[in-house]
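First the structure, then my questions, so here it is.
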Amino acid sequence: MNSELLLPKGFCLLETQVAGHTFSSDAKALGMLKNEILGCVLKPMGKPECGARELAFYESVTDSNDPILNKVRSLIPKFYEKIKLRVNTMDHTFLKLEDLTHCIKKPCIMDIKIGKRTWDPLATAEKRDVEEKKYIQCKQKLGLCLPGFQVYSQTPLTQEEVVLRYGKDYGRQLNDIEFRKTVSLFLQCQKVVCWPLVQELLTQLYAIRDWFSEQRLFHFYASSLLVVYDYETVQFLTGTTQNGTRETLPNGNAQNDACNFKYEDLAPTAISSARHVQNISPYIKVRMIDFAHVFPASDGSPDTNYIFGLQNLIKIIEDLLSR
């Protein structure tokens, strides 16, 4: 596809995009682009009203001195600017955002849409009906949808490394039990739970929950959480925890660069590997994404729709630690 498209210099298709609109061969449908050197992605602004809402949300967070909005900055991708570029001789407007997979060699990525209700206050009756029929088994029981994910794995017999990719068709067939199994698959927990990975993931989810318990500014519809981690790092840490230690990963939060990795607990042969892990930090991230349907909380109420799904996701991941 890259060879068929006339893309801006330095940009290529975001091959790790697991959900959302992707490029068509005629470039009438736009997907996401990335610049590996700059460490950024370009997200098409899409429909004018949706793009305007997403841009307004990013700008309000970036420019505000409100303490609540200051807290959410570390929970979303960094926003750089709105930019107009030419793709296949046509000008398109993009949001320039942080690439959450930048410098991660083998990214495992999951897009999880949060909330029972995924239609916004301006949705027509037809749009509501369409949305209510999507992901119905998971969405109504858990307040969660799975539009797509990719995960590195090993084949059972040959231990050959493969990348598994699943899209919205897979996610729409899941019930709540199958959703839990899919999360376990994604987090490499079928046989052995990688405690550092799961604990760090929960730490970041708790921070998002804390923010939602406090904020009364917005209600989020059809918004997702993007979970990203490095497969190589998890493989190393899984082997380490099997030897009896439970190290704490560096927090993927950009505002917390402290590393609590316990070098003294590792065997001498693992010291260099541990330092390598630290040098590519942060290598696990949970970020809120997709803000085209964020609306003011006109009544000043908490976003119970989002909190319902978020709490269920936290419980599913917490249950992995009780195995």
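Here are some residues: 187, 217, 226. Which one is modelled with pLDDT of 90 or more, open to solvent by 10 Å² or more (accessible area, probe 1.4 Å) and under 15 Å from residue 107 (Cα atoms)?
Numbers: 187 fails: open to solvent by 10 Å² or more (accessible area, probe 1.4 Å); 217 fails: under 15 Å from residue 107 (Cα atoms).
Every option except 226 fails the conditions.
Out of region 50-66, which residues are open to solvent by 60 Å² or more (accessible area, probe 1.4 Å) and either under 9 Å from residue 292 (Cβ atoms) or at pLDDT 95 or above (or both)? Walk me through how you get there before you give the answer.
To start, the set of residues in region 50-66 that are open to solvent by 60 Å² or more (accessible area, probe 1.4 Å) comprises 59, 62-63, 65.
Passing the criteria: only 59.
Which of (1) under 20 Å from residue 18 (Cβ atoms); (2) modelled with pLDDT of 95 or more; (3) surrounded by 16 or more Cβ atoms within 10 Å (Cβ to Cβ) does residue 135 not meet, given it meets every other one?
Single failed check for residue 135: (2).
Just to be sure before I move on: is residue 109 more than 21 Å from the chain's Cα centre (by Cα) and of a type in the set (A, V, I, L, M, F, W, C) in the structure I sent?
Values: more than 21 Å from the chain's Cα centre (by Cα): no; of a type in the set (A, V, I, L, M, F, W, C): yes.
No, not satisfied.
Oh, and also: For residue 41, state whether it is at pLDDT 85 or above, surrounded by 14 or more Cβ atoms within 10 Å (Cβ to Cβ) and touching an Asp or Glu at 6+ places or on another chain (Cβ under 6 Å). Working first, answer last.
Numbers: at pLDDT 85 or above: yes; surrounded by 14 or more Cβ atoms within 10 Å (Cβ to Cβ): yes; touching an Asp or Glu at 6+ places or on another chain (Cβ under 6 Å): yes.
So residue 41 passes the test.
Follow-up question, since we're still on this one. If you check 116, 141, 127, which single one turns out to be of a type in the set (Lys, Arg), surrounded by 12 or more Cβ atoms within 10 Å (Cβ to Cβ) and within 21 Å of the chain's Cα centre (by Cα)?
Details: 141 fails: within 21 Å of the chain's Cα centre (by Cα); 127 fails: within 21 Å of the chain's Cα centre (by Cα).
After applying the criteria, what remains is 116.
Continuing with the same structure: Kindly provide the set of residues from region 155-174 that are in a helix (DSSP H, G or I) and surrounded by 12 or more Cβ atoms within 10 Å (Cβ to Cβ), ordered by number. So that I can check it myself, show each step before the final result.
Filtering region 155-174 down to residues in a helix (DSSP H, G or I) leaves 168-172.
Of everything in region 155-174, those that are in a helix (DSSP H, G or I) and surrounded by 12 or more Cβ atoms within 10 Å (Cβ to Cβ) turn out to be 168, 170, 171, 172.
The values are calculated or read from the model by the stated rules, or taken from the named source; none is laboratory data. Keep in mind that what you see is a predicted model, and the values were worked out from it rather than measured. Reconstructed Cβ throughout: ideal geometry from the backbone, glycine too, with neighbour counts over all protein chains shown. These area figures cover heavy atoms from the full protein model, side chains too; ligands, DNA and RNA do not enter into them. Shrake-Rupley method; radii C 1.70, N 1.55, O 1.52, S 1.80 Å.
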